1. For the chain, set up a Gaussian network in which alpha carbons nearer than 10 Å are linked by springs, and say which option among Asp159, Asp145, Asp179 fluctuates the most.
2. Sort 182-194, 43-55 by packing, meaning the average of other beta carbons within 10 Å per residue, with the highest value first.
3. Rounded to the nearest 0.05, what FRET efficiency do Lys13 and Leu157 give with R0 = 22 Å and r taken as the Cβ-Cβ distance? Could you check?
4. In the calculated pair distance distribution of the stretch 8-167, what percentage of Cα-Cα distances lie above 26 Å?
5. Once you place label points 7 Å from the Cα toward the Cβ at Lys149 and Leu56, how far apart are they in nm?
6. Multiplying the sequence separation of Ala82 and Phe103 by 0.36 nm and subtracting their Cα-Cα distance, what value in nm do you get?
7. So, with +1 on the Cβ of K and R and -1 on the Cβ of D and E, and no other charges, what is the size of the charge dipole of the stretch 8-167 about its Cα centre, to the nearest 20 debye?
8. Considering Cα pairs under 8 angstrom that are at least six residues apart, work out the relative contact order of the stretch 8-167 and quote it in whole percent.
Amino acid sequence: MARLTLNKSALQKERDRLRLLQRLLPSLDLKRRQLLLELQRAREALREGQAALERLEAEIGQQLPMLADREIDVDGLVSLKAVRVRQENVVGVRLPVLEDLTFTVLAYSRLAKPHWVDVLVDRLKEAVEFRVKLKVAEKRVEVLDRALKRITQRVNLFDKILIPAAKQNIKKIQVFLSDAERAAVVRAKLAKSRRQRGPVAGEESAR
C-alpha cells in the first residue's frame, strides 16, 4: 500500500476520490438490485420449465402407454439437428435466448409402424424442445448468479473498504494539517516575541 502524503494536494485528491466513489456506489447498488431481480425471475422460469417438462412426460406416458412395449423400436426416431441461440443484453449482462430448433425425423413407413407414431414424433419434438429450453434457462441462472456475485463484491468493496479508507485518509490529512498550522502559529508567536525582546536586550547590553 502506498504511503499517504500529508499535504493539501493529497487532501484534495482524497476528497475528489471520495466524491467519485460516493457517486458511483448508488449506480452499482442499483445494478446489483436489478440483477438480483433478474436472477429471481430466471430461477422462477427454470422451476416452471422443470415442472412443465414433468407434466409433458406424464402426459406422453398417459397418451402413449404403448411405449412401454419394448418390442416397438422408436430409438432414433427424432433427433436434434441444430440449435440456434442468440444473446440479449440484460442490465449489462449477455444472456442466452433460444431462437430456433431444427429436428431430423427418421424416415419410417406408415404401414410398418403403428398409427400412433405420428403423434409420438410430435410429442418427442416437444420433449426435446423443453429440455433445450431448460438448458438455456439453467445457463441464464448461472450467468446471472455469477454477475450478481461480482457486482455484490464491488458494492461491498466501495461501501466497506474504499469509501471508509478515503474518509479516514481525509481525516488523517486534516488532523496533520491542523496540527501543522497550530505549530506554525506557535512558532510565529515565539519569533515575534523574540523580535520584540531583541532591541531591549541590545540596549541593556550597550549601557
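Bear in mind these aren't lab numbers, they're just calculated from the coordinates by the rules spelled out. Since the model is a prediction, treat every value here as computed from it, not as a measurement. Positions of Cβ are generated from backbone atoms using ideal geometry, with glycine treated the same way; all protein chains shown enter the neighbour counts.
1. Result: Asp179 has the largest fluctuation of those listed.
2. Highest to lowest by the protection proxy: 43-55, 182-194.
3. Once rounded, the FRET efficiency stands at 0.70.
4. 52 percent
5. 3.0 nm
6. Contour length minus Cα-Cα distance gives 6.9 nm.
7. Here the size comes out at about 1800 debye.
8. Worked out over the stretch 8-167, it gives 38 percent.
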